[in-house]
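Report on one structure; see the data block that follows.
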Amino acid sequence: MRKLLFAMLACTITLAFASCREKKAKDKVKDRVENVKESVEEALEEAQDQIEEGADEVKKALDEAGDEIEKAKEKLE
C-alpha cells in the first residue's frame, strides 16, 4: 500500500513540475483559440436549447389556440 501511495505521490510531483514550464507565445495563442472555440460551442448549444424551448412554447400555444377555435365552432353550431 505504501509503495502505491509513494508511486502516486511521485507521479503527482512530476506532473506538477512538468506543467509549470514556461509556455511559448504559440502555445498561449493555441490555448486562447481553444478557449474561444469552447465558448462558441457552449453559446451555440445554449442558443439551440433556447430555440427548441421557444418552438415547444409556440407549438403549445398553437395547440391551445386550435382547441379554443374548435370550442368556438361547437358553440356556433
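No value in this document is a laboratory result; all are computed from the given coordinates. Given the structure is predicted, the values throughout are model-derived calculations rather than measurements. Don't worry about glycine lacking a Cβ; one is built from the backbone with ideal geometry, like all the others, and counts go over all protein chains shown.
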Multiply the residue separation of L15 and E74 by 0.36 nm, subtract the distance between their alpha-carbon atoms, and state the gained length in nm to one decimal. 13.7 nm
Dipole of the chain (Lys/Arg Cβ +1, Asp/Glu Cβ -1, origin at the Cα centre): which of L5, L44, A25 lies farthest to the positive side? L5
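Only Lys, Arg, Asp and Glu count, each charged at its Cβ (+1, +1, -1, -1), so figure out the dipole size of the chain about its Cα centre, rounded to 20 debye.
Numbers: 15 positive and 21 negative charges, 310 e Å.
That gives the chain a dipole magnitude of about 1480 debye.
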Long-range alpha-carbon pairs in the chain, meaning those over 16 Å apart, account in percent for 76
Run the reach check for K26 against lysines, Cα to Cα strictly under 18 Å, same-chain hits fewer than 8 apart removed. What comes back? K37
Phi angles of the stretch 60-74, converted by Karplus (6.51 cos²θ - 1.76 cosθ + 1.60, θ = phi - 60°) into ³J(HN,Hα) in whole Hz with x for Gly and Pro, give 4, 5, 5, 4, 5, 5, x, 4, 5, 5, 4, 4, 5, 5, 5
